[in-house]
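Some notes on the structure that comes next.
The values are calculated or read from the model by the stated rules, or taken from the named source; none is laboratory data. Computed from a predicted structure; not experimentally measured. A quick note on method: Cβ atoms are made from the backbone with ideal geometry, for glycine too, and the neighbour counts reach across all protein chains shown.
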């Protein structure tokens, strides 16, 4: 890829800006690497072993390992849909991004609000469970007020770390801790299968502790969903970790293999835990700390004592890491919702120095501490299942819908088992996942009254907040409205007239002019000190001839040219204070059709277009025909965009016979006024 010419220079009449104002806020900067991604995903799964195992075993009895096995299959379906959706639109946001492009902004908010609830619950759950394992080393924190204070201290400490901000190196170190815990859990599985496994766990599960009811089995399955937390957290990092097509396949395989130790530990657990006594053995309660019950089952006293200490230390470290990762996911998701005007922007306000969403973090920490008061792990896990089943259902349905809405879009990863139906495809795995997720949601609201009312109240409050806020701000409920990231760093900043602007890039010197027009437009509506701004979406349209399929391979040289042009456009556009430029490539039979389709799909409020030179072929009255409205002014692409665009179109003057002529001022054309010639 060629070097981009330098463009960071002050414009005439504009004050020179310091370099730091052009960068992403430090607290939310892109750049987490693959080790950090592994630490976040595997950390959630490892942490869930330390508490979900007891809940599921208590409900499913000897069939717990079968419930985990079914859960592993469902986990695979969820992973497939998330990876395809996140790779299709590589933006931060996880399920919210997938739902936004598949449906609309309201469904995007519903998915995001449900996941926001889950992050808060995960913070509370992981902080609460740390007390049971720390009690092995520090007995006074076992229960009562000391338990609540210790859990609250964990929440406050994690919130403080996230307000300060954490670079990728910290999460890379977390990955080593997670890897060490994975080794410990695998060792326990091997020792347990060799020394503790009861053959009846495989041949006669009912012989271990009786047969659970069907409702208990279904409820146990919903409780396993707490282990899926890392899926949305990692997909929310799309665009921050460079990964190719082969890497995506390896990522899917790694996530599925991560569940194997989980199933093995459940086999050992049902063989040794006192299921008939409700997971109680004397004074020990293994519901909240099941791994301590597994360690206590070893007959060798030295082995049991060593494992108890190692488990206590590792569990505390992993649970704190998972709590921190949940807070990271909460802060990023809350910031994304504020950035897209789905919640009041004041909630997403960034810290003046650390550039972290301090309001979101503090609010999440406060709610998590309140949730510690009941000290009821099953209640918290069931509410988590309420939010998870909503978001998973939306993601599966979104992947299905995108197969029809964007059938020709390049997919770095595509789920297997697809059925061709009309112009699109039906991904069988996503369809099956949607059915299972919807069924699990019905089971949660049917079997657990507390989760039903708490979850419904949270969702009702969120949707009411979203609708009232959008209506009060005069913004559409179903369309995307964004603000620049810098708008959340100053309290007196006003938003621009346009939430987003689409700019087709041509790969010519004229690109600088149209990007400068878009940049000035984002500032001219609020000229005072350059406040306000807009998100500029620069797109390159590949025109694919009818003789070739739309998904035909694009030549490497053409791809390089498009990337160079988009990189240049991004650099020019982001010269302007408060302007963020997103880039993308699309395919279409005709450029005009592709531009209009992208404008409608992205919900932009304006298109800035470089009017191409009109054709040299003349007809009209001279040849017995009738002159078109714009035939002497602009070409075919411009006419199509002006007449078909769903929003305002802003044209720069066509170059005419010589591109060296002085550039004419930009013009604004409304689609409704397309029959009035420009000029």
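Observations on the structure shown:
- For the stretch 407-414, the condition holds for no residue, the condition being that it is in the same structural domain as residue 116 (by TED's automatic domain parsing), within 27 Å of residue 608 (Cα to Cα), at pLDDT below 90 and not in a loop (DSSP other than H, G, I, E, B).
- Exactly one residue among 564, 616 is surrounded by fewer than 20 Cβ atoms within 10 Å (Cβ to Cβ) and either in contact with a helix residue (DSSP H, G or I) (Cβ under 9 Å, 6 or more places away or on another chain) or modelled with pLDDT of 75 or more (or both), and that residue is 564.
- Residues of the stretch 184-241 that turn out to be at pLDDT below 85 and over 15 Å from residue 273 (Cβ atoms), as a count: 16
- Hey, residue 365 over 25 Å from residue 105 (Cβ atoms) and at pLDDT 95 or above or not: yes
- Selection status of residue 350, more than 30 Å from residue 479 (Cβ to Cβ) and either buried (at least 19 other Cβ atoms within 10 Å of the Cβ) or assigned by TED's automatic domain parsing to the domain that holds residue 448 (or both): no
- Yes/no for residue 102 being touching a helix residue (DSSP H, G or I) at 6+ places or on another chain (Cβ under 7 Å) and over 30 Å from residue 208 (Cβ atoms): yes
- Of residues in the stretch 137-160 being surrounded by fewer than 20 Cβ atoms within 10 Å (Cβ to Cβ) and at pLDDT 90 or above, the one nearest to the chain's Cα centre (by Cα): 160
- Subset of the stretch 559-596 [in a helix (DSSP H, G or I) and touching a strand residue (DSSP E or B) at 6+ places or on another chain (Cβ under 7 Å)]: 562, 565, 566, 569, 570, 573, 591, 594, 595
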